[in-house]
Amino acid sequence: MHSITQKPVKDDIRKLHKDLYGLSNKSKEIRILKIPTMKYITSVGILRGNFYNIRSIEECNMIFVCNNRIRSYTVKEQNKNFVMSPFELEWGKQTEQGREMKVSLWVPDYVTQSELKIAMLDCLGSSEHPLYLEQSTEGLCGQLLHTGSYDEISQTIDRIKEYIEEQGYKANTNQYKEIHLSHVSIGWPEKTNMIIRIPIM
């Protein structure tokens, strides 16, 4: 009798941490939350032009391609699978070449650096591309679901900052994070669902 291999359950960050990545009514209220340490595939790049050119950035496409390839490895080798996470974006300083940016996708802890290197070799032809795994510990943050035009997120950032300071904390608005629940691969609708997360110093 042949043994039946059980179909792997897909890990989904939006289900594992509904309070951090959900679209519920609670997400529409400003909250202060403690973000646990999590693992990400990460890269940095330069955005030339406005935000709507983000899909032209090579590093963004590299992360999506390698993430999908790694999922096939974990299914075959570990009988584990995971759902592609929301696209996370952090802005850096403005340079002559454009705006610095850091892009990230969450992955489960069982994803390894060796799997990322093999994925780069398979998909990109070299393991020397600027993709890496990192453990991120954000700690205490204020966050709010932004629904609407991307051009209006500064108002949401101001609201979160004001709320954090009302609670007696100090907001680090220089390192806020955009978590795009309306996925980057399907374009930018007039109304996008995006979590704005601001670290507390």
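Would a scan of the stretch 111-124 turn up a residue that is in the same structural domain as Tyr73 (by TED's automatic domain parsing), without any contact (Cβ under 8 Å) to a residue 40 or more places away in the chain and of a type in the set (Ser, Thr, Tyr)?
Taking every residue of the stretch 111-124 in turn, at least one turns out to be in the same structural domain as Tyr73 (by TED's automatic domain parsing), without any contact (Cβ under 8 Å) to a residue 40 or more places away in the chain and of a type in the set (Ser, Thr, Tyr).
Glu59 passes all but one of (1) under 20 Å from Leu181 (Cα atoms); (2) touching a Ser or Thr at 6+ places or on another chain (Cβ under 8 Å); (3) loosely packed, with under 13 Cβ neighbours inside 10 Å; which number fails?
Of everything listed in (1) under 20 Å from Leu181 (Cα atoms); (2) touching a Ser or Thr at 6+ places or on another chain (Cβ under 8 Å); (3) loosely packed, with under 13 Cβ neighbours inside 10 Å, Glu59 misses just condition (3).
What is the one condition in (1) over 22 Å from Arg31 (Cα atoms); (2) free of Cβ contacts under 8 Å to residues at least 12 places away in the same chain that Glu165 does not satisfy?
(1)
State which residue is surrounded by the fewest Cβ atoms within 10 Å (Cβ to Cβ) when the search covers only the stretch 154-201 and only residues that are assigned to a helix (DSSP H, G or I) and modelled with pLDDT under 90.
Among those residues, the one meeting the criterion is Ile186.
Name every residue in the stretch 75-124 that is of a type in the set (A, V, I, L, M) and closer than 20 Å to Val9 by Cβ, in order of residue number.
Matches in the stretch 75-124: Val75, Val83, Met84, Leu105, Val107, Val111.
Return the residue satisfying two criteria in turn: it lies in the stretch 85-99 and is under 16 Å from the mean Cα position of the chain (by Cα) and either of a type in the set (Asp, Glu) or farther than 16 Å from Leu20 by Cα (or both), and of such residues it is surrounded by the most Cβ atoms within 10 Å (Cβ to Cβ).
Among them, the one singled out is Glu88.
The values are calculated or read from the model by the stated rules, or taken from the named source; none is laboratory data. Quick caveat: nothing in here was measured; it's all calculated off a predicted structure. All Cβ positions, glycine included, derive from the backbone under ideal geometry; neighbour counts span all protein chains shown.
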